[in-house]
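The values are calculated or read from the model by the stated rules, or taken from the named source; none is laboratory data. What you see is a predicted model, and the numbers here were worked out from it, not measured in a lab. Positions of Cβ are generated from backbone atoms using ideal geometry, with glycine treated the same way; all protein chains shown enter the neighbour counts.
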Amino acid sequence: AVSVLSPADYAGGLVKDLSLGGCSIALAKVPVWLRPGATIHLEFELPSLGHVTNLAGVVKNTEGGDGANVIGIEFQFDRLEFIEYRGWGGSVRDAIEQWTLQKSDAQPLF
């Protein structure tokens, strides 16, 4: 497959604070086009569950400074997203919910 997008249309980063509603993404550099209100499509790995592709999101906010650039994303589940599963079935929404439940169960309670 050949992309119709140029390399400048892509940005890579570290997904953080993943929840069913969205996530934050830490970037080395925030591209000019990645501003609040922009619609983006995400691709990322959910460890032990699968690889998520084409998950739409809207940039809600951006923070930068001291070498840390973070954008806040609100997911827009539009049924065009999909996941390559590892041993189970369901939707991207189900996979994210399952992953966040697994993470919360792993935290010690004091």
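Some points to look at:
- Of the set (1) in contact with an Asp or Glu (Cβ under 9 Å, 6 or more places away or on another chain); (2) modelled with pLDDT of 90 or more; (3) part of a loop (DSSP other than H, G, I, E, B), all apply to ARG93 but (3).
- Total residues in the stretch 27-37, condition at pLDDT below 95 and among the small types (Gly, Ala, Ser): 1
- Of the strands (runs of 3 or more DSSP E) contained entirely in the stretch 34-84, those carrying at least 1 residues that are touching a residue at least 40 places away in the same chain (Cβ under 8 Å), of a type in the set (Gly, Ala, Ser) and touching a strand residue (DSSP E or B) at 6+ places or on another chain (Cβ under 9 Å) fall at 50-63, 69-75.
- Among residues of the stretch 7-30, those that are over 15 Å from VAL52 (Cβ atoms) and surrounded by 14 or more Cβ atoms within 10 Å (Cβ to Cβ), counted: 5
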